[in-house]
Amino acid sequence: MKSLSHAQPLAWPFLAWSAAALAGVAAPTLAMLIIADEPAPAPLALAGGPILAVGLMGVGMIAAAAAGRLWIGVLLALLTGAGLIVLARALGMPPLPHPFSTGLAFIIASFSFAARGALFARSAGDKGWLIAVFVVAGEAAMLLTASAMPGSLPDWLLVLLPAQWTSTAIQTALTGTGTRAASSALFALAGTAAATLLVARLWPRRWPYALMFTAWLGLSALVWNRPGPPMPRADLAIAAAPAGPIAPVASTPPDTATASALARIQRQIAKWPAAAVPDFTQRARNLLLIAAVPDLYDTEPLQSHLPLLVAAELKARLPADQRAAILAAIAADPAAGSVAARETLAGLGLPANVGDETPVRNRMGLYAARLDGK
């Protein structure tokens, strides 16, 4: 890619790299610290998609535009993503349930953002980083607004944003079934990266721009028709109540991605120590957590299918003549026993739970009552 002009003012490199650090490192770090400092915080993993998407975009796009090199943007974006994950873990985020899916989303998104930055450097020279700053600011503002106030922006607008695609792919890896459920978003990111790099390579020819925008619109249509799962949320107000609604049990078969995730979870349960503890009542508590925690975080489409899986596991792993009594006892006194197994759910590919036990205990009791005798 074309290098930056040697005639640019000396202050510009400093401003460019400062902008990359501010947008990609400082802003996401501040957001994580604010979430972690809330009196009753939602787990960081629930907001990880938008925060990490902004971090990758801010560093990847601005750094590639400032340096005029694709690989610099990709490398710095990946390092930033890894650093933000380490910070989130230090602030209390549970282990990643899908490390491979998270890494895959990071790599594809980093290439996509860095490709746009490289194009800005190619087409605008030493002012390319300014274009990148404006693009990052605009997409980040829309993404964070939509995350904080669902429904505030129209879906047709959000579906056009690579930052939104990235958020969906990362969030699915953090709290969902893995990136297979967000395959359309990943495909769109990879496709736009390829089209953007083609334009940069053929610049200053203008006709490739038509190809790039056509690909962008076509891939946006793909995401529109095959959207990823909705953003999760911490349903703490309902879960903290002594009784209340839980997710409706699915009445239709799961889609392909969810079915694959459910099969994987069932295979992992067979190796999960918490599913084989000698005490039958504690074993039942541990199995109920498989439904309770995803429901607590409102992680569709899993939350409505997991109760059926848990019911099957309870039937297989508890004595038939004791199962109803065990579940009734848990429903009557959800504060008894241990819920430490909630912290190991990442081993099943599910979001883990840490912090205050009360919400997850109450949700566990609700499921015990729901599945009592079934």
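Bear in mind these aren't lab numbers, they're just calculated from the coordinates by the rules spelled out. Remember, predicted model here, so these are calculated numbers, not experimental data. A quick note on method: Cβ atoms are made from the backbone with ideal geometry, for glycine too, and the neighbour counts reach across all protein chains shown.
Figures for the structure shown
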read-out: ³J(HN,Hα), Karplus 6.51/-1.76/1.60, whole Hz, each residue of region 75-92, x for Gly, Pro; value: 4, 5, 5, 5, 5, 5, x, 5, x, 5, 5, 4, 5, 4, 5, 5, 8, x
read-out: Highest-fluctuation residue, VAL354, VAL277, VAL25 considered, GNM on the chain with Cα pairs under 10 Å; value: VAL277
read-out: Selected from ALA45, ALA20, ALA90 as most flexible by GNM, with the chain as the system and alpha-carbon contacts under 10 Å; value: ALA90
read-out: ³J(HN,Hα) computed for each position of region 131-144 - Karplus, 6.51 cos²θ - 1.76 cosθ + 1.60, integer Hz, glycine/proline x; value: 4, 4, 4, 5, 5, 4, 4, x, 5, 5, 4, 5, 5, 5
read-out: Residue-wise HN-Hα coupling along region 305-310, computed from phi with Karplus coefficients 6.51, -1.76, 1.60 (Hz; x: Gly, Pro); value: 9, 5, x, 5, 5, 5
read-out: Principal-axis tilt of helix 183-202 within the chain, Cα atoms, nearest 10 degrees; value: 10
read-out: Sites GLU357 and ARG267, calculated FRET efficiency, Cβ-Cβ separation with R0 35 Å, nearest 0.05; value: 0.80
read-out: Choice from ALA19, ALA250, ALA67 with maximal GNM fluctuation in the chain (Cα, 10 Å cutoff); value: ALA250
read-out: Ranked THR192, THR344, criterion: other C-beta atoms within 10 Å, fewest first; value: THR344, THR192
read-out: Relative contact order [Cα under 8 Å, 6+ residues apart], the chain, whole percent; value: 17
read-out: Given charges at Cβ of Lys, Arg, Asp, Glu: region 236-371 dipole, positive-most of PRO319, TYR367, ALA247; value: PRO319
read-out: Net dipole in debye of the chain [+1 Lys, Arg Cβ; -1 Asp, Glu Cβ; about Cα centre; nearest 20]; value: 1160
read-out: Tail fraction, Cα-Cα pairs, the chain, threshold 33 Å, whole percent; value: 35
read-out: Percent of C-alpha pairs per 10 Å bin, region 87-238, short to long; value: 11, 36, 35, 15, 3, 0
